[in-house]
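Structure, as structure tokens:
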């Protein structure tokens with residue numbers, strides 16, 4: 001059964017994120033700790049803030065399995081709740097388990 005990875009809400013004001021890097025391809029094996037995606041969240045138009053308005057995040061897998069499908073590419077903007085990718089894993093249908101970490105901007109991104 002598929003393990004679905006959807007765009008999580010990382011901030012109360014967040015509505016979308018831009019995919020900055022995709023580290024997996026369909027058919028690849030995924031192990032715990034594997035990098036899946038990098039994304040950026042721009043809050044400059046939605047909320048007052050006293051820190052940089054754009055934050056960068058990396059999503060890493062906590063599951064084992066195979067990449068069943070990838071629904072995004074670098075540069076795509078997606079809404080909270082949109083499916084980003086699906087993994088073929090154990091026999092239960094559930095959200096994919098991930099870890100999300102704030103990261104520094106990578107200058108080689110588009």
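The values are calculated or read from the model by the stated rules, or taken from the named source; none is laboratory data. All of these numbers come straight from a predicted model, not from anything done at the bench. As a convention, Cβ positions derive from the backbone with ideal geometry for all residues, glycine included, and neighbour counts pool all protein chains shown.
Just checking, how many residues over segment 1-18 are surrounded by fewer than 21 Cβ atoms within 10 Å (Cβ to Cβ) and within 9 Å of the chain's Cα centre (by Cα)?
Residues meeting the conditions: 2.
Going by the conditions given, is residue 73 more than 17 Å from residue 4 (Cβ to Cβ), at pLDDT 90 or above and surrounded by fewer than 16 Cβ atoms within 10 Å (Cβ to Cβ)?
So residue 73 fits the description; yes.
Applying the selection to segment 1-25, what residues are modelled with pLDDT of 95 or more and more than 13 Å from residue 84 (Cβ to Cβ)?
Result: 25, single match.
Just a yes or no: is a residue in segment 23-36 in a strand (DSSP E or B), in contact (Cβ under 8 Å) with a residue 60 or more places away in the chain, within 23 Å of residue 108 (Cβ to Cβ) and under 11 Å from the mean Cα position of the chain (by Cα)?
So far as segment 23-36 goes, yes, one or more of its residues are in a strand (DSSP E or B), in contact (Cβ under 8 Å) with a residue 60 or more places away in the chain, within 23 Å of residue 108 (Cβ to Cβ) and under 11 Å from the mean Cα position of the chain (by Cα).
Would you be able to say whether some residue in segment 45-55 is modelled with pLDDT under 95 and in a strand (DSSP E or B)?
Yes, segment 45-55 contains at least one residue that is modelled with pLDDT under 95 and in a strand (DSSP E or B).
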